[in-house]
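J.: Here it is, the structure in full.
The values are calculated or read from the model by the stated rules, or taken from the named source; none is laboratory data. What you see is a predicted model, and the numbers here were worked out from it, not measured in a lab. Note: ideal-geometry Cβ built from the backbone for every residue, glycine included; neighbour counts use all protein chains shown. To get the accessible areas, we keep the full protein, side chains included, count just its heavy atoms, and leave off ligands, DNA and RNA. Shrake-Rupley method; radii C 1.70, N 1.55, O 1.52, S 1.80 Å.
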Amino acid sequence: ATAVLSACGPENDMALADKLSGMVSANQSGQIPVLASLIRFFAEAGKPDKACSVYESNLQFLNTARAGQISQRRSLLDSRTERSLAGAARACGRDDLTQGLSDSFADTGKHIAMITTCAKKGNLDGAFSVFGALEAAHGELTQSLYNSVLDACVECRSLERAETWMQRMKKEGVADVVSYNTLIKSQLRADRHDRARNLMSEMKEAGCRPNHVTYNELVIALLRSERQNHQAQVWEVISEMQAESVKPNCVTCSILLKNLKANSNQKDVLRTMDLVNAMEE
């Protein structure tokens, strides 16, 4: 689905996006992330009415279910999609949708802030207790809340708990690209390159494509590594990016330029300058 929306390109092929929209439903297993992607696509393409329509037709009832349906009470949308939908609702003058989403933002933002504060103080148990209290009260558990707990595990340098938490996120279907990138970054910092690579394979299998953040973090880790074979793998990763249609961006080029020294291999210098010249930014 992500590939189809990417194929719509900057020209915003609405016919293709509409066709995809007609093929998915929240009643089908695993389709909610696809619907979220559609909402963002239509909102960013200047079609706020279509974004609202996708939400109303497929997700609104589930997202607002209350008594007797506790398991459905958590928000089905991540914070980025909620912001896109809220903007689309405002553009359409849909005050009814805007109000409901605003209430969700306020509650979610408060708990994320509490979790972040605990993490900065090194109080990982406190971060988990904030999430647990919200869960016990049947509050809305968004992807952003799950990711904030994962961030807290990484901030407190508890890889074991981060991996355990990620298993829960995958089981509950709330792990996204941000989740995988967070865990991959922590594995790379711990010099566990093989585990990071395995996670990249897992995220592909889960339908989450590695993006610029994923590959840039991998390049940084390889360049920082003291192992000669790791540094030799940098250009293999760049080739992999290009093969996956993730074009090296200004961040990628900056990382490579900073690594060049007076005694750098001429081939590395020329390759780096070719990437700079090929940038679209």
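J.: Among the residues in segment 238-250, are any free of Cβ contacts under 8 Å to residues at least 24 places away in the same chain, touching a Ser or Thr at 6+ places or on another chain (Cβ under 7 Å) and closer than 23 Å to THR182 by Cα?
T.: No, segment 238-250 has no match at all.
Rundown of residues vs (1) of a type in the set (A, V, I, L, M, F, W, C); (2) within 25 Å of LYS120 (Cβ to Cβ); (3) without any contact (Cβ under 8 Å) to a residue 24 or more places away in the chain, yes/no style:
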residue	(1), (2), (3)
GLU160	no, yes, yes
THR182	no, yes, no
ASN198	no, no, yes
LYS204	no, no, yes
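J.: Something else now. Looking at ARG195, ARG157, can you tell me which residue is assigned to a loop (DSSP other than H, G, I, E, B) and more than 19 Å from LEU77 (Cα to Cα)?
T.: That would be ARG157, the only listed residue that is assigned to a loop (DSSP other than H, G, I, E, B) and more than 19 Å from LEU77 (Cα to Cα).
Residues checked against (1) β-branched (Val, Ile, Thr); (2) at pLDDT 90 or above; (3) at positive phi:
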position	(1), (2), (3)
THR214	yes, yes, no
GLU217	no, yes, no
ARG224	no, no, no
GLN228	no, no, no
GLN233	no, no, no
VAL237	yes, yes, no
GLU240	no, yes, no
SER245	no, no, yes
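Let's see how each residue does on (1) under 19 Å from the mean Cα position of the chain (by Cα); (2) closer than 29 Å to ARG83 by Cβ; (3) aromatic (Phe, Trp, Tyr):
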| residue | (1), (2), (3) |
| --- | --- |
| LEU145 | yes, yes, no |
| ARG157 | no, no, no |
| TYR180 | yes, yes, yes |
| LEU183 | yes, yes, no |
| LEU257 | no, no, no |
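J.: Give the residue that is farthest from SER148 (Cα to Cα), with candidates limited to residues of segment 164-180 that are open to solvent by 20 Å² or more (accessible area, probe 1.4 Å) and part of a helix (DSSP H, G or I).
T.: This residue is LYS171.
J.: Could you tell me whether any residue of segment 162-171 is among the hydroxyl-bearing types (Ser, Thr, Tyr), at pLDDT 85 or above and more than 30 Å from PRO48 (Cβ to Cβ)?
T.: Scanning segment 162-171 turns up at least one residue that is among the hydroxyl-bearing types (Ser, Thr, Tyr), at pLDDT 85 or above and more than 30 Å from PRO48 (Cβ to Cβ).
J.: Considering only helices (runs of 4 or more DSSP H) fully contained in segment 205-281, which possess at least 1 residues that are among the charged types (D, E, K, R) and open to solvent by 40 Å² or more (accessible area, probe 1.4 Å)?
T.: Answer list for segment 205-281: 212-224, 234-243, 250-259, 266-278.
J.: Mind counting the residues in segment 119-163 that are buried (at least 20 other Cβ atoms within 10 Å of the Cβ) and polar (S, T, N, Q)?
T.: Residues that pass the stated criteria total 5.
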